1. ALA118 passes all but one of (1) within 35 Å of the chain's Cα centre (by Cα); (2) modelled with pLDDT of 90 or more; (3) outside any strand (DSSP E or B); (4) hydrophobic (A, V, I, L, M, F, W, C); which number fails?
2. Take the residues in segment 54-66 that are of a type in the set (S, T, N, Q) and in a loop (DSSP other than H, G, I, E, B); name whichever of them is farthest from the chain's Cα centre (by Cα).
3. Can you spot a residue in segment 84-99 that is out of contact with any Pro (no Cβ under 9 Å at 6 or more places or on another chain), of a type in the set (Val, Ile, Thr) and farther than 21 Å from ALA7 by Cα?
4. On the basis of being at pLDDT 90 or above, under 18 Å from ASN58 (Cβ atoms) and assigned by TED's automatic domain parsing to the domain that holds THR22, does VAL109 make the cut?
5. Just one of the numbered conditions (1) without any contact (Cβ under 8 Å) to a residue 40 or more places away in the chain; (2) under 31 Å from the mean Cα position of the chain (by Cα); (3) closer than 18 Å to THR319 by Cβ; (4) surrounded by fewer than 20 Cβ atoms within 10 Å (Cβ to Cβ) is not true of THR217; which one?
6. Scan segment 38-92 for residues that are of a type in the set (Asp, Glu) and at pLDDT 90 or above and jot them down.
7. Would you mention how many residues in segment 137-152 are more than 16 Å from ARG174 (Cα to Cα) and in contact with a Lys or Arg (Cβ under 7 Å, 6 or more places away or on another chain)?
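The values are calculated or read from the model by the stated rules, or taken from the named source; none is laboratory data. The model shown is predicted, which means the values in this text are computed figures rather than measured ones. Note that we place each Cβ from the backbone using ideal geometry, even for glycine, and neighbour counts take in every protein chain shown.
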Amino acid sequence: MDAQRLADALPDGIVVADADATVVLVSSVAAHMLGTTVGQAVGRPLGEVLALQDQDGNAWTPSNRPYEGLATRTAVPEQSWLLPNGTEVLVAAKLHRDSLRHPVREVAVTLRSGRGRARLDRERSDLVATVAHELRSPLTGVKGFVQALLNRWDKLNDDQKRLMLTTVSADSDRLSRLIAELLDVARIDTGRLQLYPRPCQADVLVQRIVDSVSAGTARPIVLEMADDLPDIAADPDKFTQVVTNLVENGVRHGDGVVSVRLRRLHPHDDSEFEGVGVTVDDEGEGIPFELRRRVFTKFWKHGARGGSGLGLYIVNGLTRAHGGSVTIQDAPGGGARIEVAWPATHFTDD
């Protein structure tokens, strides 16, 4: 493979100039970025071909002076520059010399799209801002009530103290849960999620979950379970986390009854495998069809009823880690229907 074909095969743009700062090689990617062609660029001065500017209108070549400077200089570090059409690119260069006593004989410049880095920077900034906001809210409550207790302890009666301490405890639980969710997200993202699956009875686990959530809400939760449910292959803690998130999500976003139903899945019917389907229906505003792909992204929120925006991301991650799936539909009552399909401990054909 010759130099031109090799350069064209690379994902980044390549521009190479000789000792006289004359371009001797341009990849097709670089030519496209710079608004020229390979034939037009080869043989022209490097400064003319690299039509790059910074935010102040300075050009790349006079700003970096690749053929000047100390003899120990071997590279130009990666910098952000703008193409003629205003698109950001990341530009770096390697300076080649025969020895420290010789001048630069060749300059190899790489151009890489800055969209990926810009998107990553935005995602990181959004993540930091969202996490800071979610942590600050309960922490502000804890700090405020603790300060009030310290400053006014002798002036508060027992009922007031009990109310403040109860609120502090609830906010502390919220902080602990958010931190646990963030750790789960990190483990899902990095593939370090640890599972300890074993045969479990889905009906027993779901009954406990419904009883627990019902104790903390006035909204009615109706549970319906089939009689022929197989055992599922699950880490019971993770399965409990998944269903708890779904039920609490239904309570948070619904306006009426939350319905939880367990049914047997069979590969001869509408399922890819034998297992258990856990369906949660609410009577809220539902999730529009065009938004359903975004539901399982981090910090996605719909409506104005709180939540960290991590619940359904974790539901999807934990379910898929067990070999299951999550689907969203419209509930009969007009709200959202979310169903988790969870594999059984073994597969049968009966």
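1. All conditions are met except number (2).
2. Going residue by residue through segment 54-66, those that are of a type in the set (S, T, N, Q) are 55, 58, 61, 63-64.
The next check asks that each one be in a loop (DSSP other than H, G, I, E, B); those that pass are 55, 58.
Values: GLN55: 30, ASN58: 36 Å.
Within segment 54-66, the match that is farthest from the chain's Cα centre (by Cα) is ASN58.
3. Kept after step one, since they are out of contact with any Pro (no Cβ under 9 Å at 6 or more places or on another chain), are these residues of segment 84-99: 84-91, 94, 96, 98-99.
Among the residues that remain, those that are also of a type in the set (Val, Ile, Thr) are: 87, 89, 91.
Those still in the list that are farther than 21 Å from ALA7 by Cα too: 87.
Yes, the conditions are met somewhere in segment 84-99.
4. Numbers: at pLDDT 90 or above: yes; under 18 Å from ASN58 (Cβ atoms): yes; assigned by TED's automatic domain parsing to the domain that holds THR22: yes.
Answer is yes for this residue.
5. Of (1) without any contact (Cβ under 8 Å) to a residue 40 or more places away in the chain; (2) under 31 Å from the mean Cα position of the chain (by Cα); (3) closer than 18 Å to THR319 by Cβ; (4) surrounded by fewer than 20 Cβ atoms within 10 Å (Cβ to Cβ), only one is false for THR217: (3).
6. Residues of segment 38-92 of a type in the set (Asp, Glu): 48, 54, 56, 68, 78, 88.
GLU48, GLU68, listed by residue number.
7. 1
For every residue, the table says whether it meets (1) under 27 Å from LEU139 (Cβ atoms); (2) without any contact (Cβ under 8 Å) to a residue 24 or more places away in the chain; (3) among the basic types (Lys, Arg).
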site: ASP184; (1), (2), (3): yes, no, no
site: TYR196; (1), (2), (3): no, no, no
site: ASP211; (1), (2), (3): no, yes, no
site: MET225; (1), (2), (3): no, no, no
site: LYS238; (1), (2), (3): no, no, yes
site: VAL243; (1), (2), (3): no, no, no
site: VAL251; (1), (2), (3): yes, no, no
site: SER259; (1), (2), (3): no, no, no
